[in-house]
Amino acid sequence: MRRPFVAGNWKMTQTHASAVALAKGVADGAKALVDQVDVAVGPPFVYLTAVKEAVGNSGVTVAAQNAYFEQPGAFTGETALDMLTDVGCQWVILGHSERRHVLGETDELINKKVQAALAKGLGVILCVGELIEERKADQTNAVLDRQMEGGLADVTAEQMAKVVIAYEPVWAIGTGETATPDQAESAHAHLRNWMQSRYNPDVAQATRIQYGGSVKPDNAAELLAQPNVDGALVGGASLKPETFIPIIEAAHVSVAS
Ligand code: PGA
C-alpha cells in the first residue's frame, strides 16, 4: 500500500504575512491527518524559511518549486539545492509544466536538476503531462514516455525511493477542467508500467504518482479512489486551508477504503 501524498504548489503567490498564515492554517488542519497521509506545502523561495517555521512540528513538510543543479557559486538569480536543505526543505518540485512551457525548461535540464537533488538527499516531485494538442493527437503516452525517459535518465532504482511522479495534464492546470478519473487512472497506469519496464516491479509498485490539474474538494475523492492515483499536487485549491484540508481528508479516507 502506497502512502498518499498531497502537496500544495503555491506558485508565485502570497505575501510574507499570508504565507505564514496559510502555513499555520494547513499545519493546524493537517495535524490529525499526517498519521496516514504525507503533506507538503510549496511556497516561493523567499518564504521557505518563514513557512518552515510556521509549520513547526506539525508533520507538514516543505517543498521548493524549483532549484538549480550547480553547486553554490556564480549563478545570479538561481537557488542552490544546498540552500534548500539548509532551510529545512525536504522536497523539490521539478519539471512543472509552467517551468517547461513558460520558462523553457527541457528534459535535459530537468534531468540535471533531478540528479543533483537526489545526490543532496532531497525528495523530488517530478511533473510530467501532455498539452491538449498532444492528447487530441493521441500522443499522451508518447509524451509521458519521453518526459520520464528524459527526466529520469541515469536515475537508479535505489534513487527512485526518493522520487514521486506528478501526472499533470497541462490542459487541466489552473483551467477548472479536470481529467476524468478514468483519464487520470489510464495515464497513471501507463506511468507505472513504464517504471516496471525501465526499473522493476518493486519500483513500479512503490513509487507514488500524484495527480495534478484543478484538484478541488469536490473532485478529490473520486480521483484518489483510483487504484493508481496516490495523492495530489494541488495549485489553486492549496491556497486556502478551507479548500486544501478537505483534499487531505479525502486522501485520508482513501486509505481506509
Ligand atoms: P491547479 O494547479 O490545481 O491550480 O490546476 C496544479 C499545479 O499546477 O500543480
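The values are calculated or read from the model by the stated rules, or taken from the named source; none is laboratory data. Keep in mind the model is a prediction, meaning the values are calculated, not measured. Here the Cβ is made from the backbone with ideal geometry for all residues, glycine too, and neighbour counts use every protein chain on show.
Residue by residue, here is whether (1) touching a Gly at 6+ places or on another chain (Cβ under 9 Å); (2) within 21 Å of Gln226 (Cβ to Cβ); (3) modelled with pLDDT under 95 holds:
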| residue | (1), (2), (3) |
| --- | --- |
| Ala137 | no, no, no |
| Gln147 | yes, yes, no |
| Val155 | no, no, no |
| Gln159 | no, no, no |
| Pro181 | no, yes, no |
| Ala206 | no, yes, no |
Kindly indicate whether any position in the stretch 104-117 is over 15 Å from Gly151 (Cα atoms) and surrounded by fewer than 18 Cβ atoms within 10 Å (Cβ to Cβ). no
Note on Asp182: of the conditions (1) surrounded by 19 or more Cβ atoms within 10 Å (Cβ to Cβ); (2) more than 16 Å from the ligand (Cβ to nearest atom), unmet is (1)
Among the residues of the stretch 52-83, what is the count of those that are under 20 Å from Gly121 (Cα atoms), assigned to a loop (DSSP other than H, G, I, E, B) and in contact with a helix residue (DSSP H, G or I) (Cβ under 8 Å, 6 or more places away or on another chain)? 10
For Ile125: the one exception among (1) in a helix (DSSP H, G or I); (2) buried (at least 20 other Cβ atoms within 10 Å of the Cβ); (3) hydrophobic (A, V, I, L, M, F, W, C): (1)
So Val253 fits all but one of (1) surrounded by fewer than 19 Cβ atoms within 10 Å (Cβ to Cβ); (2) within 18 Å of the chain's Cα centre (by Cα); (3) away from the ligand (no atom under 16 Å from the Cβ); (4) β-branched (Val, Ile, Thr); what number is the exception? (2)
Cβ-Cβ under 6 Å, sequence separation 6+ or interchain: first residue in the stretch 104-116 and modelled with pLDDT of 95 or more, partner of a type in the set (Val, Ile, Thr) and surrounded by 21 or more Cβ atoms within 10 Å (Cβ to Cβ). Which pairs? Val114/Val124
Residues that are among the aliphatic types (A, V, I, L, M), assigned to a helix (DSSP H, G or I) and more than 15 Å from the chain's Cα centre (by Cα), drawn from the stretch 221-238: Ala221, Leu223
Any chance the stretch 33-44 includes a residue that's within 15 Å of the ligand (Cβ to nearest atom), at pLDDT 95 or above, buried (at least 18 other Cβ atoms within 10 Å of the Cβ) and on the phi > 0 side of the Ramachandran plot? no
From the set of residues in the stretch 80-124 that are of a type in the set (Lys, Arg) and closer than 23 Å to Val39 by Cα, which is farthest from the ligand (Cβ to nearest atom)? Lys120
What's the number of the only condition in (1) of a type in the set (Phe, Trp, Tyr); (2) over 20 Å from Ile247 (Cα atoms); (3) within 16 Å of the ligand (Cβ to nearest atom) that Tyr47 fails to meet? (3)
If you go through the stretch 149-166 one residue at a time, do you hit one that is more than 25 Å from Val41 (Cβ to Cβ), within 16 Å of the ligand (Cβ to nearest atom) and not in a helix (DSSP H, G or I)? no
Among the numbered conditions (1) surrounded by fewer than 20 Cβ atoms within 10 Å (Cβ to Cβ); (2) farther than 23 Å from Ile165 by Cβ, tell me where Val55 comes up short. (1)
